[in-house]
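Before any comments, here is the structure.
The values are calculated or read from the model by the stated rules, or taken from the named source; none is laboratory data. Quantities reported herein were computed from a predicted structural model and do not represent experimental measurements. Quick reminder, even Gly has a Cβ in these numbers, built from the backbone with ideal geometry, and neighbours come from all protein chains shown. Note: areas computed on protein heavy atoms with side chains; ligands, DNA, RNA excluded. Shrake-Rupley method; radii C 1.70, N 1.55, O 1.52, S 1.80 Å.
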Amino acid sequence: MAIHLTVLVPGILGPVRGVPQAHLPLAEVLPALSPCLCRAKRAEFRPRLLEPALFKLFGIGSGVQDHLPVATLSYLGDFGRAVPGPVLRADPVNLQAGTEGMVLFDETALNLQAAESRALVESYNAAFEGAGYRLEMATSGRWYLHLPRPFRLATESLSAVVGDRIDHSQPAGEDAVILQTMLTECQMLFHDHPVNRLRAETGQREINSLWFWGEGEVGPAPQKRWSHVIGPGGFLSGLADFTASLWREPPAGCAQLNFDDLDGSVLLLLPQVNRLAAHGDLDGWYEAASSLEETWLMPLMARLRSDHVKRLTLIPLDGYRYTFQRRHLSAVLRRLGLSDRLLKFP
């Protein structure tokens with residue numbers, strides 16, 4: 001059965017921090033994809049951040065950013081069970097003083113190891129056991145803060161602030177002061193922690209703060225939109241579980257994806273090159289985007305020539321979605337001299 005495939009690939013078309021969009025060498029980085037985009041049907045897709053985009057694609061809420069229950073759903077994906085009480089995402093970050101304020105670096109720039117995370121989480125829990133707060137680690141860069149009661153908060157998602165100033169992005173709401181007081185004590189605890197002393201000695205960024213986000217309550221599950229969901233665990237697998245969609249980890253590339261196992265509407269989330277872009281890592285973004293074009297995007301385009309894929313929609317979170325059908329691509333691929341190489345698939 002032919003599938004309708006939607007590919008969410010944040011940041012593949014930029015922007016890259018510190019590089020004007022007009023100066024971004026897309027034709028050089030994506031020599032095959034760029035001309036194909038000109039033949040696609042383009043439609044507006046407003047969310048430009050991953051979490052609001054996924055909520056929109058799953059039919060949950062309005063697709064705006066406020067009070068999206070990321071923590072509750074990603075907990076479900078990480079641990080395979082409903083969260084036992086009020087919870088926030090509490091991801092480990094580095095805050096660095098810049099010329100215009102504090103700038104946030106997430107796990108993309110930290111190379112945080114699981115043993116380091118466990119040591120920091122254990123120290124936090126020992127210090128705050130009596131206050132009703134508890135950290136729980138899912139992965140080295142994805143932590144959760146269990147709260148003593150529901151907090152009235154409004155937070156910014158991590159993807160909205162990574163690589164950026166955080167001065168105007170701090171939690172707001174009636175309980176924000178309580179949370180900030182606890183965070184200040186946590187920062188003091190982390191400052192002199194053995195993990196951070198060793199990181200400083202080896203020239204690595206220290207884990208000197210947490211980023212709290214993802215508040216919100218989950219309502220009734222929406223109507224199922226995706227028969228299959230392919231992508232990293234955590235938030236995406238939680239969304240799949242919540243909506244009764246089949247979820248699987250992505251293989252290394254398109255060549256390893258068994259299309260015979262897929263049917264209906266399929267959502268594929270590819271690695272987020274936008275995190276590299278947010279940190280202003282132009283070389284890293286260049287390399288990652290080029291790799292995605294070669295291992296995933298152009299082989300997927302080629303699948304439109306087969307009976308496996310009837311329609312392919314690409315969402316790069318640049319404000320648009322690009323939909324391709326078979327008739328759009330044959331002439332373009334041949335003109336580029338790519339047909340022989342890309343149209344041969346397993």
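General observations
- Accessible-area composition of the chain, carbon plus sulfur, in percent [1.4 Å probe]: 51 percent
- Computed magnitude of the charge dipole of segment 103-241 (debye, nearest 20; Cβ of K, R +1, Cβ of D, E -1): 360 debye
- Rg/Rh, computed from the Cα trace of segment 53-112 with Rh as the Kirkwood radius, has the value 1.07.
- Under a model in which nothing but the beta-carbon of Lys, Arg (+1) and Asp, Glu (-1) is charged, segment 1-108 shows a dipole of about 500 debye around its Cα centre.
- Value of Rg to Rh for segment 205-260 (Rh from inverse mean 1/r over Cα pairs, i.e. Kirkwood): 1.12
- Solvent-accessible surface of the chain, averaged per residue with a 1.4 angstrom probe and all protein chains in place: 46 square angstrom.
- Hypothetical label at residue 256: residues of segment 271-299 whose amide nitrogen lies under 14 Å (7 Å Cα-Cβ projection): 271, 295-296
- Cα centroid separation - segment 278-320 against segment 131-158, whole Å: 33 Å
- Cβ crowding within 10 Å averaged over residues, with 267-279, 307-319 ranked highest first: 267-279, 307-319
- Annotation for residue 19 and residue 325: the two label points, set 7 Å from Cα along the Cα-Cβ direction, are 3.4 nm apart.
- GluC sites (Glu not before Pro), loop per DSSP, at most 14 other Cβ atoms within 10 Å - longest free stretch of the chain: 218-346
- Cα centre as origin, Lys/Arg/Asp/Glu Cβ charges: the chain dipole, Debye: 1800 debye
- Value at 222 nm in deg cm²/dmol, rounded to 500, when DSSP H runs of n ≥ 4 in the chain each add -39,500 (n - 2.57): -9000 deg cm²/dmol
- Both numbers refer to the Cα atoms of the chain; Rg and Dmax are 21.2, 68 Å.
- Each of the peptides 137-144, 76-83 was scored by the mean count of other Cβ atoms within 10 Å over its residues; in descending order, highest first, they stand as 137-144, 76-83.
- q = 0.17, 0.19, 0.27, 0.30 Å⁻¹: log10 I(q)/I(0) that the Debye formula gives for segment 251-315, counting C-alpha atoms only: -0.66, -0.79, -1.26, -1.44
- Spin-label pair residue 41/residue 122, simplified geometry with 7 Å Cα→Cβ offset, distance in nm: 5.7 nm
- In the chain, Cα pairs under 8 Å separated by at least six residues give a relative contact order of 34 percent.
- Partners of residue 41 within straight-line reach, counting aspartates and glutamates whose Cα lies under 17 Å from its Cα and excluding those fewer than 8 residues away in the same chain: 318.
- Taking the convex hull of the alpha carbon positions in segment 131-235 and averaging its projected area over all directions gives 9.4 nm².
- Annotation for residue 170 and residue 184: the two label points, set 7 Å from Cα along the Cα-Cβ direction, are 0.9 nm apart.
- Computed from the C-beta positions of residue 218 and residue 97 and an R0 of 45 Å, the FRET efficiency is 0.75 to the nearest 0.05.
- Euclidean distance between Cα centres, segment 220-267 to segment 160-177, Å: 32 Å
- Additional length obtainable on full extension of the chain from residue 152 to residue 305, 0.36 nm per residue less Cα span: 49.9 nm
- HN-Hα J in Hz across segment 43-55 - Karplus 6.51, -1.76, 1.60, θ = phi - 60°, x for Gly and Pro: 9, 5, 9, 5, x, 10, 10, 4, 5, x, 5, 5, 4
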